[in-house]
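To keep things clear, I will list the structure first and then write my remarks on it.
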Amino acid sequence: MPELALLTHVQHRNLMTVEEYRQTGGYEALRKVLLEMKPDQVIEEVKKSGLRGRGGAGFPTGMKWSFIPKNSEKPKYMVVNSDESEPGTCKDRVIIEKTPFLLLEGIAISSYAVGSSTCYLYIRGEYYDQAMILKQAIEDAYRHGFLGKNILGSGYNLDVYLHRGAGAYICGEETGLLESLEGKKGWPRLKPPFPAISGLYGCPTCVNNVETLAAVVSIIQNGGDWYAALGTPKNGGTRLFCVSGHVKKPGTYELPMGIPLRSIIYDYAGGMKDDRKLKAVIPGGSSVPILTADEIDVKMDFDSVAAIGSLLGSGGVVVINEDTCMVKALLRIARFYAHESCGQCTPCREGTTWLKKTLQRVYEGDARQAELDQVLSIAFNMMGTTICPLADAAAMPVRSYIQKFRHEFEYHVQHKCCDVKPAVRI
Amino acid sequence: MISDRLLAEFDSIVRNYPVRRSALIPILLTTQEHLGYLSDESIAAIARYLNLPAIDVYEVVTFYSMLRRHPVGKHHIQVCTNISCLLLGGEEIFERVSKRLGIKEGETTSDGQFSLAEVECLGACCNAPAMQVNYTYYNDLTAEKVDQILQALQKPEER
């Protein structure tokens, strides 16, 4: 069993009260931070750890924190992104369900580091039970003096407010989330200014993912060097990989950064369900370019996955077997992005729907061969032309599925049926 | 009608924010949870309460997929068919529910007990295929499991 940083004490039981959490050393890191460390020292330790944003972008967390102005006349806000909605991703809820105080302790340490006394925890609306767990945990933390005024006698104050979303993928994008938190539709903002300078209510704001904040606790407990050494260079620590699809043991596994994808699938997720052959893997949530069965020796860290043309993304590993029609898989993903495009930017609003409609016809065998290249051209023209990365998220799978599995798409067009056996007439 | 009890809940939500409008989505969710959906009357009342033009509230209501302008069944069944669920039979689960209840996507049974929606990723990918009935998750679904769940949800006299 590799060394863990997040789920260390919750392999066999959950820690649902302050008392249970403290019995495993919980809140010692916060004590150390508040009584012995200056905010800058916390930021330095996190920089040293090589922790990178676990929401998907992989931006260095310590650096993100250092962008928050030290002296600000305006209040500073910490905002927790728990709008987990990237298809294939279900890791934040594992932290919330198993060890909610790890998140709350991480929030307190991080808020202290950036000089914020107010935190909003934005959780997707469908996670109602998870929101109730957090509500209870927040009340418990207040009762024990780990939130509120003068925490642990340090003079530091922190209030945490739970805020439920109402169903919109785009609110996982940090400025879309801030708009939503301000009571508006989740239209992402033009950047700059970045939220660190002008975020919630125009004030300096730090937006971090649940897994990122939870990781901060072990960094303080064991040191940034310890955390960095768990992973690979510039990719410190462990990662929660959610393995779903055609495997024997789907589940969320905490594993070191840089573990080979092959090992995740065969050593941890039990290998292929029903011993069917592996065809493809989505390594980091539905928006990243797909990998073929020949590419699974890649090390699962941000830089290694990027080096072979995909992305580590959100850690959602979707395993696909030989019986799967890649045209159908892509069509479902294209439908998702067309549904979730917020409609603000023309290339995304028009492009996602155009892709969906054309792929629907390709699937039904009602498209011309030339339209496959047209699909690629639409996807190419969507990339980098919009305010937020949703257009890229829609375009990347389209380009990679057609490039890597083109014969399946051509077969649909030419034969009006599927190449995947048993062949089904559409 | 927005009751006094609901108004008191609005008051406690508003206190969480320095800017009143931030309470809009939590207030809409709370209202929907109490009244089943967001009627024109509720929207007008919420707009007045937050001192917003009604159009701003409509804009938000129509943007978010969980906010509803119309009533749904007592048991609102939401089946995920996104990628992880699709691979393990999410569409078949949707069809099973649809066939058993005799309703299609977006429809409600005539007795008002069940409604059906195909939804995007619910974040239950490692327990696919999955669905939610109201806020309750049902995981690792099979046709037999779906039948059992629906049977258990039906009122005793209807069995």
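Annotations
- Against the criterion of being of a type in the set (Gly, Ala, Ser), in contact (Cβ under 8 Å) with a residue 24 or more places away in the chain and out of contact with any Gly (no Cβ under 6 Å at 6 or more places or on another chain), A:GLY202 qualifies.
- Conditions (1) more than 14 Å from chain B (Cβ to nearest Cβ); (2) crowded, with 24+ Cβ neighbours inside 10 Å; number of the one not met by A:SER286: (1)
- Those helices (runs of 4 or more DSSP H) of region A:21-127 in which at least 2 residues are hydrophobic (A, V, I, L, M, F, W, C) and under 16 Å from the mean Cα position of the chain (by Cα), considering only elements entirely within it, cover A:92-98.
- Checking each residue in region B:128-142 for being at the interface with another protein chain (Cβ under 7 Å from one of its Cβ atoms) and either open to solvent by 10 Å² or more (accessible area, probe 1.4 Å) or part of a loop (DSSP other than H, G, I, E, B) (or both) picks out B:ALA128, B:TYR135.
- Any hit, region A:169-190, residues being more than 7 Å from chain B (Cβ to nearest Cβ), touching a residue at least 24 places away in the same chain (Cβ under 8 Å), over 15 Å from A:GLU340 (Cβ atoms) and part of a loop (DSSP other than H, G, I, E, B): yes
- Residues located in region A:135-162, provided they are assigned to a strand (DSSP E or B), surrounded by fewer than 19 Cβ atoms within 10 Å (Cβ to Cβ) and away from chain B (no Cβ under 11 Å): A:GLY148
- Scanning region B:73-111 for residues that are out of contact with any strand residue (DSSP E or B) (no Cβ under 8 Å at 6 or more places or on another chain) and open to solvent by 30 Å² or more (accessible area, probe 1.4 Å) turns up B:GLU91, B:GLU92, B:GLU95, B:ARG96, B:LYS99, B:ARG100, B:GLY102, B:SER110, B:ASP111.
- Condition broken by A:MET132, with the remaining ones in (1) surrounded by fewer than 21 Cβ atoms within 10 Å (Cβ to Cβ); (2) away from chain B (no Cβ under 12 Å) satisfied: (2)
- When A:ILE219, A:ILE170 are checked against the criterion of being crowded, with 22+ Cβ neighbours inside 10 Å and in contact with a Cys (Cβ under 8 Å, 6 or more places away or on another chain), A:ILE170 stands alone in meeting it.
So that you can scan it fast, the table gives a plain yes or no per residue for (1) within 14 Å of chain B (Cβ to nearest Cβ); (2) open to solvent by 10 Å² or more (accessible area, probe 1.4 Å):
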residue: A:LYS299; (1), (2): no, yes
residue: A:PHE302; (1), (2): no, yes
residue: A:ILE320; (1), (2): yes, no
residue: A:TYR337; (1), (2): yes, no
residue: A:GLN344; (1), (2): yes, yes
residue: A:ARG349; (1), (2): yes, yes
residue: A:THR352; (1), (2): yes, no
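- Qualifying positions in region B:21-80 - of a type in the set (D, E, K, R) and within 17 Å of B:ALA8 (Cα to Cα): B:ARG21, B:GLU33, B:ARG48
- Residue ID - farthest from A:HIS407 (Cα to Cα), chosen from residues in region A:365-385 that are in contact (Cβ under 8 Å) with a residue 40 or more places away in the chain and in a helix (DSSP H, G or I): A:GLU371
- Checking the stated criteria, A:VAL114 turns out not to satisfy the condition of being buried (at least 24 other Cβ atoms within 10 Å of the Cβ) and closer than 16 Å to A:ARG164 by Cα.
- Selection status of A:PRO39, open to solvent by 40 Å² or more (accessible area, probe 1.4 Å), in contact with a Gly (Cβ under 7 Å, 6 or more places away or on another chain) and more than 25 Å from A:LYS91 (Cα to Cα): yes
- Taken over region A:58-80, the criterion of being within 20 Å of A:GLU211 (Cα to Cα) and either without any contact (Cβ under 8 Å) to a residue 12 or more places away in the chain or open to solvent by 70 Å² or more (accessible area, probe 1.4 Å) (or both) is satisfied by A:PHE59, A:MET63.
- Cβ pairs under 9 Å, 6+ apart, first in region A:263-279 and open to solvent by 30 Å² or more (accessible area, probe 1.4 Å), second in a helix (DSSP H, G or I) and at pLDDT 95 or above: A:LYS277/A:ALA293; A:LYS279/A:ALA293; A:LYS279/A:MET326
- Residue list for region A:173-206, filter: within 24 Å of B:ILE55 (Cα to Cα), open to solvent by less than 40 Å² (accessible area, probe 1.4 Å) and under 20 Å from the mean Cα position of the chain (by Cα): A:THR175, A:GLY176, A:LEU177, A:LEU178, A:GLU179, A:SER180, A:LEU181, A:GLY186, A:PRO188
Okay, residues lined up against (1) among the charged types (D, E, K, R); (2) over 17 Å from the mean Cα position of the chain (by Cα); (3) under 17 Å from A:THR232 (Cβ atoms):
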position	(1), (2), (3)
A:SER286	no, no, no
A:THR292	no, yes, no
A:LYS299	yes, yes, yes
A:PHE302	no, no, yes
A:ALA307	no, yes, yes
A:SER310	no, no, yes
A:GLY315	no, no, yes
A:VAL319	no, yes, no
A:ARG335	yes, yes, no
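The values are calculated or read from the model by the stated rules, or taken from the named source; none is laboratory data. Treat the numbers as computed from the prediction; the structure is a model and nothing was measured. Note that each Cβ is placed from the backbone with ideal geometry, even for glycine, and that neighbours are counted across all protein chains shown. Side chains included, ligands, DNA and RNA excluded: accessible areas come from the protein's heavy atoms. Shrake-Rupley method; radii C 1.70, N 1.55, O 1.52, S 1.80 Å.
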